[in-house]
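First comes the structure, then the notes that go with it.
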Amino acid sequence: MSVTEARVKAAIVSSWKGSGRINWRDAIGVILHDRLVLKYLKMGEIVGEDSFPFSTLTDISVKVPDTHKLNPEKEHFGMKFYIPNRGELTIILTIGNNLLIYDEKKFSEFVHTIFETLINGKSVKIQLARIKGGALNLNSKWEDGSLRIISVTSAKTGRKERNIVVLDKNMKPVPIFSDVEDMDLEEVELNGQKVLAWKIKHFHVSETVTSYLYIPEKKTRLYILRYLMKYVPSYFEFIIKLSKEFPKLEAEFKEFVEKELRELQSLDEIEKQILMALYSGLNPLEVHQFLGISERELEEIYDKMIDKGLLKIVMIRKVVELTREGRKIVNKLIEYGLVSM
């Protein structure tokens, strides 16, 4: 019995074929408890199928090169399998342009269900609130738990969000991946043995605590990191610390950081100064005085920055404010030490 299904466009890229040609096919994607099935369609009729057991899955939510994408504006989801006698296969899923056939929301839920199928029910051990108020909590003991992706309410913000939780022995959800302040790896003792656990600093109930999570299966650790990368991208810097055992993930992070640095370094000095001035609250109409340039020169620079998506006009006379992208860049400029407040 299927968990869910959705109409998709599917392509298979084989490591055994060097042509690089992408052959897209219409299909019904079916998620079973132990595999992904693609039922290929022609004129609305099923004409064949492929089956990919999750036991052969080696990576998920992998980066899909733009050259492989059917439409770069649509979501693409990549999965890598190693199939005996077929080698490494990258399965790429997306949707077509015909909204009468393809449903973007349903496709997104289909992708999320893949993660749920892979993560839900996996056994873990948790030592909740091992550190409270900067001191060891002697009442905190290792307990058995299982993973589940559900909607929970943030203890810090009160907002509802969907994330990975640990179900304790009473099936009560512990939202260990919500309101995270830091994550790292640490060798700890568990049942008389040294194990490498995830050290998670998070807001729990009414205070910040540090908990430990031991996930015995390597693949499960990878799926969790991929899930957090996709659905909680603000944890990027934390995920980097946990990815040391996964060279492909580390390579992706390195490529991402290098790309960010190139983009930041492409800004000229006056653009950086303007971003910092607006970020610190300076009146946009007074920035020209701060920089020692004319209003006309400033407006010309504003025009260029508006075109780049870093600023937006909120009043006539180019009273501007930072866009989300502009604020993000300021944070990165500070993080990489390219400017100072």
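The values are calculated or read from the model by the stated rules, or taken from the named source; none is laboratory data. Only a predicted model underlies this, so the values are computations on that prediction, with no experimental measurement involved. Heads up, the Cβs are rebuilt from the backbone with ideal geometry, glycines too, and the neighbour counts pull from every protein chain shown. To get the accessible areas, we keep the full protein, side chains included, count just its heavy atoms, and leave off ligands, DNA and RNA. Shrake-Rupley method; radii C 1.70, N 1.55, O 1.52, S 1.80 Å.
Below are the figures for this structure:
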| read-out | value |
| --- | --- |
| Computed FRET value (nearest 0.05) for N191 with R86, which takes r as the C-beta separation and R₀ as 45 Å | 0.65 |
| Span from the the stretch 195-238 Cα centroid across to the the stretch 148-180 one, whole angstrom | 12 |
| Rg to Rh quotient for the stretch 130-218, alpha carbon positions, Kirkwood Rh | 0.95 |
| Diffusion constant of the stretch 117-270 at 4 °C, which comes from Stokes-Einstein with the Kirkwood Cα-pair radius and 1.567 mPa s, µm²/s | 78 |
| Span per principal axis, largest first, for the Cα atoms of the stretch 104-167 (Å) | 48, 29, 13 |
| Karplus 3J(HN,Hα) series, Hz, for the stretch 27-38 with 6.51 cos²θ - 1.76 cosθ + 1.60 (x for Gly, Pro) | 7, 9, x, 10, 9, 9, 5, 10, 6, 9, 10, 10 |
| Under-5 Å amide H pairs with D182, H placed in peptide plane, nonlocal only | K201 |
| log₁₀ of I(q)/I(0) at q = 0.13 Å⁻¹ - the stretch 35-137, Debye sum with one point per alpha carbon | -0.63 |
| Neighbour-limited loop hits for GluC sites (Glu not before Pro), the stretch 198-265 (at most 16 other Cβ within 10 Å; DSSP other than H, G, I, E, B) | E217, E245 |
| Helical contribution to [θ] at 222 nm, DSSP H n ≥ 4, -39,500 (n - 2.57), averaged over the chain, rounded to 500 | -9000 deg cm²/dmol |
| Net dipole in debye of the chain [+1 Lys, Arg Cβ; -1 Asp, Glu Cβ; about Cα centre; nearest 20] | 1020 |
| Where labels lie 7 Å past Cα in the beta-carbon direction, separation of S108 and N170 in nm | 3.6 |
| Along principal axes, Cα extents of the stretch 1-61, largest first, whole Å | 36, 32, 18 |
| Quarter of Cα convex hull surface for the stretch 199-341, i.e. mean projection, nm² | 11.4 |
| Ordering of 45-54, 91-100, 114-123 by burial proxy (mean other Cβ atoms within 10 Å per residue, highest first) | 114-123, 91-100, 45-54 |
| Fully extended contour minus Cα-Cα distance, from D50 to E73, at 0.36 nm per residue | 5.6 nm |
| Accessible area per residue in Å² at 1.4 Å probe, computed on the chain | 55 |
| Test item: Cα-centred dipole of the stretch 90-242, Lys/Arg +1 and Asp/Glu -1 on Cβ, debye | 180 |
| Violating pairs (Cα-Cα greater than 32 angstrom) within the set K218/K272; K259/K312; K42/K160; K105/K304; K69/K199; K63/K328 | K218/K272; K42/K160; K105/K304; K69/K199 |
| Ordering of 64-70, 299-305, 138-144 by packing [mean C-beta count within 10 Å, highest first] | 299-305, 64-70, 138-144 |
| Carbon/sulfur fraction of accessible area - the chain, other protein chains in place, 1.4 Å, % | 49 |
| Computed over the chain, Kirkwood Rh from alpha-carbon pairs, angstrom | 23.3 |
